[in-house]
Amino acid sequence: MLEALTLPFMQRALIAGLMVAFLASYYGVFVVQRGLGFLGNGLAHAAFGGVALGLLLGREPLMIAVPFTVAVSIAIIWVRHRTTLASDTVIGVFFAVSMAAGIIFLSLKKEYSADAFSYLFGSILAITDTDLKVSAGVVLLALLAQPLWGRWAYATFDRELAISDRVPVVLDEYLLGVLLSVTVVVAVKVVGIVLISAFLVIPAAAARLVVRRFATMTWLSILFGMSSAAFGLWGSYQLDLPSGATIVILQALIFLACLGILTLTRAIAAGRGKA
Amino acid sequence: MHAVHTHNLSLFLGESQALADISCCVREGEFVAILGPNGAGKSTFLKVLLGVLEPSSGNVLVFEKKPREVDPAWIGYVPQAKTLDRNFPALATELVVTGLHRTWRRRISAADRTAALSALEMVGASHLADRPLSALSGGELQRIYLARSLARKPRLILLDEPATGIDTVGETDFYRLLARYRNEQNATILMITHNQEVASAHADRVMVLNRRLLGFGTPQETMCDECLQSAYGPAHHPLHLTDLRAGSHA
C-alpha cells in the first residue's frame, strides 16, 4: 500500500475516500436509525439530475448538483411535513422525477457525454485538488455541526419527546437534509451515484448489529466506513478493480462479520439460558 | 395557580376534528384522571399541553403560559407503551439522563449516573439501569420513562396509560409512588387511563373525554351512567362506585 501511496493520484484518492467515508458513515447513523435508508438513493439520483443539468449548461457539474440536490432534499422534507405520505413514498416521487429530469437534460445535450458515466459509477482516481478542497470544506461543516449530535440523536430516538423538550426538531431535519445532500454530491465523484447509498447505510447498519449505545454506534460506523475506504482502495489498486465497488464489497464483508458476531452472541446467550 | 387552563380548545388533525371546544381548569397539586374510549383525543390533549401539537383554535395555558413557553423541565411526560421505540441502541440510564439534560449525551458523567440511579430506584427499576432498551418489556420501559420524568422533578406529570404492562403488585407500588411524589412536590398529575377503578380510587377529579369534554368533576359526579354512556356509547355498562368500593365487580 505504501508503494501505491507514492503516486499523487492515489494520495488524492485516499484522502478523498477517507473524507467521504467519514461524512457518509457519520450521517449514516441518523439515516439508518430513522429508517431513511432509501433517502441516500433518492438524493444520489437528485445529484444525477443536477450533474446532468451542469453538463447541459456547460458548467462544472458538481457546482450545479449541490443547489439542485439541496433543493430536492428540502422539497422532500417539506412534503413529508405537510402530508401523511410515508417517507419512502415521498423520496420515491422525487427520486424518479430527478432521474427523469437528468435523462431529459442529457438528451438535450447534442454531443455524447462520457462524463455522465463517470458520475454514475465514480472515478476516485480522477479526483482533483479542487475536489479535495470541496470535500475538506464539507468535513469542516460536519465538524462544526458536531455539537448538534445530541439533539439529532434525541430526536432520532423519540421525535415527540424531543419536541416537548423544545428541541428545534423541524429545523434540525432541514439542516440534516442539507448536510446530507452536500455529502452525497461530494461523494458522487468518489463512489458514483449508483453506490452512494451503500456508504450511508452499510457501515452504520453493521455497527448497529454489535452495539448497545448510539454513541458507540456512531464511532464504530465511522471506523468501519473509513477503514473499508482505505483497505478497499488498496484492494482495488492491487486487484485492478473499480475502487467504489471494491470499497462497497469490503463494507458488505464487515456487515456479514457483524451479523456473524450477533448470531454467535445470541447463540451463546441462549445456551447459557438453557444451562 | 392553575396548572392547566384551556378555553374552547379545538384541534383538527388533517380533516378530522380531534378535540372540540374543551374548556377546563386543573388546579396545581390536583390528580386528574382522563377517561374516554379509543380515539377520543386523550393522547392528543396531552400533546397539546406538552406543546407538541398546536391548537387550531381556543386558548391553552400551562402554569399561565402558552405550552411552548413553559420551561420543559417543569413537565414530565410518560408516553403510551405501544408507541415506545425499543429499536434505538441505548441503555436505560441514558434515557433517564435525557430527563436531566433534554438532549442525548455521548458520555454519562458520574453525577448524571448517580441522579439517574436515584430516579430508577424511586420507581423500583434500579436493576434495569444497564439494560439495553431492546431487552425491556413495555411495562419496564414505561417505568424507565417515569424515572426519566421524575429525575427532573416536574411540577406537572402527564401520564398516558402508565400502568399498561405492570402487574397488580407493581401497580399498587406505582400509584403509591405517584401519591408520595405529589404530596412532597405539590405536583399536578394528569393521567389517561381506561381503568375506572383506578380513576375513582386515586384521582381528585375525572375528565370524561370523547373529542368533547363530556364531564369533569369528582369521581362521584362524572362516573355516572349518563356521563360514561355519552362517552362510550349506550352499550357501555359503567362500573358503579359502590361496586368498586365493595370490590364486587369482576
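The values are calculated or read from the model by the stated rules, or taken from the named source; none is laboratory data. Since we're looking at a predicted model, the values are computed, not measured. Methodologically, a virtual Cβ is constructed for each residue, glycine included, from the backbone with ideal geometry; neighbour enumeration extends over all protein chains shown. Side chains are part of the model used for accessible areas, which takes the heavy atoms of the whole protein and leaves out ligands, DNA and RNA. Shrake-Rupley method; radii C 1.70, N 1.55, O 1.52, S 1.80 Å.
Against the empirical curve 2.2 N^0.38 Å, the C-alpha radius of gyration of chain A lands at a ratio of 1.04. Here is how the number arises for chain B: DSSP H runs of 4 or more residues each give -39500 (n - 2.57), the sum is divided by the residue count, and the result at 222 nm is -10500 deg cm²/dmol.
Extending each Cα 7 Å along its Cβ direction at B:LYS65 and B:CYS25, get the distance between those two points in nm, one decimal. Label-label distance for B:LYS65 and B:CYS25, simple model: 2.1 nm. Please say if segment B:167-210 is rounded, prolate or oblate, where rounded means a/c under 1.5 for a ≥ b ≥ c the square roots of the C-alpha gyration tensor eigenvalues, and otherwise the choice is prolate for a/b larger than b/c and oblate otherwise? Because a/c hits 1.5 or more and a/b fails to exceed b/c, segment B:167-210 counts as oblate. Structural size metrics of the protein assembly as shown, computed from C-alpha coordinates, are Rg and Dmax of 27.4, 90 Å. In segment B:1-84, Rg over Rh equals 0.94, where Rg is the alpha-carbon radius of gyration and Rh the Kirkwood radius from pairwise Cα distances.
Given springs between every Cα pair under 10 Å in a Gaussian network model of chain A, which of A:GLY92, A:GLY28, A:GLY40 has the largest fluctuation? Of the options given, A:GLY92 has the highest mean-square fluctuation. Shown is the FRET efficiency for B:HIS101 and A:LEU175, computed with R0 = 22 Å from the Cβ-Cβ distance and rounded to the nearest 0.05: 0.60. Taking every protein chain into account, the 1.4 Å probe leaves B:HIS101 with about 60 Å² of accessible area, to the nearest ten. Projected label points at A:THR263 and B:GLU197, each 7 Å from Cα along the beta carbon direction, are separated by 4.8 nanometres.
Note on B:CYS227: accessible area approximately 10 square angstrom, rounded to 10, probe 1.4 Å, nucleic acids and ligands left out. Take B:TYR175: with every protein chain present and a 1.4 Å probe, its accessible area is about 10 Å².
Segment A:48-126 and segment B:1-66 have Cα centres lying 44 Å from one another.
Comparing B:THR98, B:THR218, B:THR114 in a Gaussian network model of chain B, where Cα atoms under 10 Å apart are tied by springs, the biggest mean-square fluctuation is seen for B:THR114. Residues of segment A:157-202 that become at least 30 Å² less accessible with every protein chain present than in their own chain isolated, using 1.4 Å: which are they? Buried on complex formation: A:PHE157, A:GLU160, A:LEU161, A:ILE163, A:SER164, A:ASP165, A:ARG166. Take every DSSP beta bridge whose two residues both sit in chain B; close to 55 percent of them are antiparallel.
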